[in-house]
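Student: Would you mind keeping the following structure in view while I ask a few things?
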Amino acid sequence: MEWFGMIWRWRDELLYWNPDKFDGVTEIVLPREDSWIPDTTLYNSLVMNDAESRRLSSVKITTSKKDKTALVEMLYPTLYKFSCMLDLKFFPFDVQHCVMTFGSWTHDNKAIDYHPHNGTTGGAIGTEHCIENEGWNILSTDVLRREEKFHVITLIAIVGFFSSSTVNDVREEKISLGITTLLSMSILIFMVSDQMPSTSSFIPLIGWFYTSMMMLISGGTLAASCVIYIQKKG
């Protein structure tokens, strides 16, 4: 999965200054090299190097006379690619819970403690700039639901067309139709395997569905072949 944009905020007592002594200046912007920055790392990242994005960032420092501290903010564009444990049992009606684990690479949580923050209740990650995706619906900031309309039409509804077109009479055309249906089902299985991430922990229900359909069609085709053979011999 991918995620764009990062804002860091922390308070530093050593950077506080009295605005009254500096013509009322309460905010300054410095290059990131001129300020201390925590070595924040995304632990479940697939690409560990984001230094190219961080070099574009600057640090905004805002002093506060009330707290006698300075609020430090750093915003930089980046593209995080991170791993997510997928539960594909109910594909394409699956709902995924994905977690991003941030932390310091050299300090423990006693020295640097991280909290999500964007001014909302519970510290949820902001999605106001999120662009709608045709493949997923964001139910919350850590829950994604797959957009199933495309998969229902292309992978499930078409099976009903094959099933309803079965010839009831025992004729040779039924064998040809059965073989053609098996070939069509094999193509659908390839489509499912291409659109679904690979996993070895379990087989999705749609896989069992296609397997059972192919077994039924194979059994019906074999039974029709035996009946036609017996009729011709008799």
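Student: Just wondering, is there one or more residues in region 107-118 that are modelled with pLDDT of 85 or more, out of contact with any Pro (no Cβ under 6 Å at 6 or more places or on another chain), farther than 30 Å from Ile203 by Cα and not basic (Lys, Arg)? Write out each step before concluding.
Tutor: As a first pass, look at region 107-118 and keep what is modelled with pLDDT of 85 or more: none.
Scanning region 107-118 turns up no residue that is modelled with pLDDT of 85 or more, out of contact with any Pro (no Cβ under 6 Å at 6 or more places or on another chain), farther than 30 Å from Ile203 by Cα and not basic (Lys, Arg).
Student: Moving on to the next point. Those residues that are surrounded by fewer than 14 Cβ atoms within 10 Å (Cβ to Cβ) and within 25 Å of Val192 (Cβ to Cβ), I need them from region 94-118; list them, please.
Tutor: Passing the criteria: Val95, His97.
Student: Hey, another quick one. Ile125 versus (1) within 17 Å of the chain's Cα centre (by Cα); (2) at pLDDT 65 or above: which is the lone unmet condition?
Tutor: For Ile125, the failing item is (2).
Student: Consider Thr62 carefully, then state whether it is modelled with pLDDT of 75 or more, out of contact with any Phe, Trp or Tyr (no Cβ under 8 Å at 6 or more places or on another chain) and surrounded by 13 or more Cβ atoms within 10 Å (Cβ to Cβ). Outline the logic, then answer.
Tutor: On the way: modelled with pLDDT of 75 or more: yes; out of contact with any Phe, Trp or Tyr (no Cβ under 8 Å at 6 or more places or on another chain): yes; surrounded by 13 or more Cβ atoms within 10 Å (Cβ to Cβ): yes.
Spelling it out, Thr62 is indeed modelled with pLDDT of 75 or more, out of contact with any Phe, Trp or Tyr (no Cβ under 8 Å at 6 or more places or on another chain) and surrounded by 13 or more Cβ atoms within 10 Å (Cβ to Cβ).
Student: List every residue pair whose Cβ atoms sit under 7 Å apart, with the two residues 6 or more apart in sequence or on different chains, where the first one lies in region 207-234 and is without any contact (Cβ under 8 Å) to a residue 60 or more places away in the chain and the second, anywhere, is small (Gly, Ala, Ser).
Tutor: From region 207-234, the pairs are Ile217/Gly178; Gly220/Gly178; Thr221/Gly178; Ala224/Gly178.
Student: Take the conditions farther than 30 Å from Asp87 by Cα, surrounded by 12 or more Cβ atoms within 10 Å (Cβ to Cβ), of a type in the set (S, T, N, Q) and at pLDDT below 60 and apply them to Thr166. Does it pass? Give the steps one after another, and end with the answer.
Tutor: Working: farther than 30 Å from Asp87 by Cα: yes; surrounded by 12 or more Cβ atoms within 10 Å (Cβ to Cβ): yes; of a type in the set (S, T, N, Q): yes; at pLDDT below 60: yes.
Criteria met by Thr166.
Here's the yes/no breakdown for (1) surrounded by 14 or more Cβ atoms within 10 Å (Cβ to Cβ); (2) modelled with pLDDT under 80; (3) in a strand (DSSP E or B):
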residue: Leu14; (1), (2), (3): no, no, no
residue: Val25; (1), (2), (3): no, no, no
residue: Ile28; (1), (2), (3): yes, no, yes
residue: Val47; (1), (2), (3): no, yes, no
residue: Glu52; (1), (2), (3): no, yes, no
residue: Leu71; (1), (2), (3): yes, no, yes
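Student: Here is a follow-up. Taking Ile156, is it modelled with pLDDT under 80 and over 29 Å from Cys84 (Cα atoms)?
Tutor: Numbers: modelled with pLDDT under 80: yes; over 29 Å from Cys84 (Cα atoms): no.
For Ile156, the condition - modelled with pLDDT under 80 and over 29 Å from Cys84 (Cα atoms) - is not met.
Student: Taking the conditions exactly as written (under 21 Å from Pro19 (Cα atoms), more than 13 Å from the chain's Cα centre (by Cα) and either in a loop (DSSP other than H, G, I, E, B) or of a type in the set (Val, Ile, Thr) (or both)), does Lys89 satisfy them or not? Break it down into steps so the answer makes sense when it comes.
Tutor: Working: under 21 Å from Pro19 (Cα atoms): no; more than 13 Å from the chain's Cα centre (by Cα): yes; either in a loop (DSSP other than H, G, I, E, B) or of a type in the set (Val, Ile, Thr) (or both): yes.
No, not satisfied.
Student: Suppose we filter Leu139, Leu56, Leu79 for residues that are modelled with pLDDT of 60 or more and out of contact with any Leu (no Cβ under 8 Å at 6 or more places or on another chain); which single one remains? I'd like the intermediate steps shown before the answer.
Tutor: Details: Leu139 fails: modelled with pLDDT of 60 or more; Leu56 fails: modelled with pLDDT of 60 or more.
Just a single option satisfies the conditions, and that option is Leu79.
The values are calculated or read from the model by the stated rules, or taken from the named source; none is laboratory data. Note that the structure is predicted; figures quoted are calculated from it, not measured. Every residue, glycine as well, gets a Cβ built from its backbone with ideal geometry; the counts of neighbours run over all protein chains shown.
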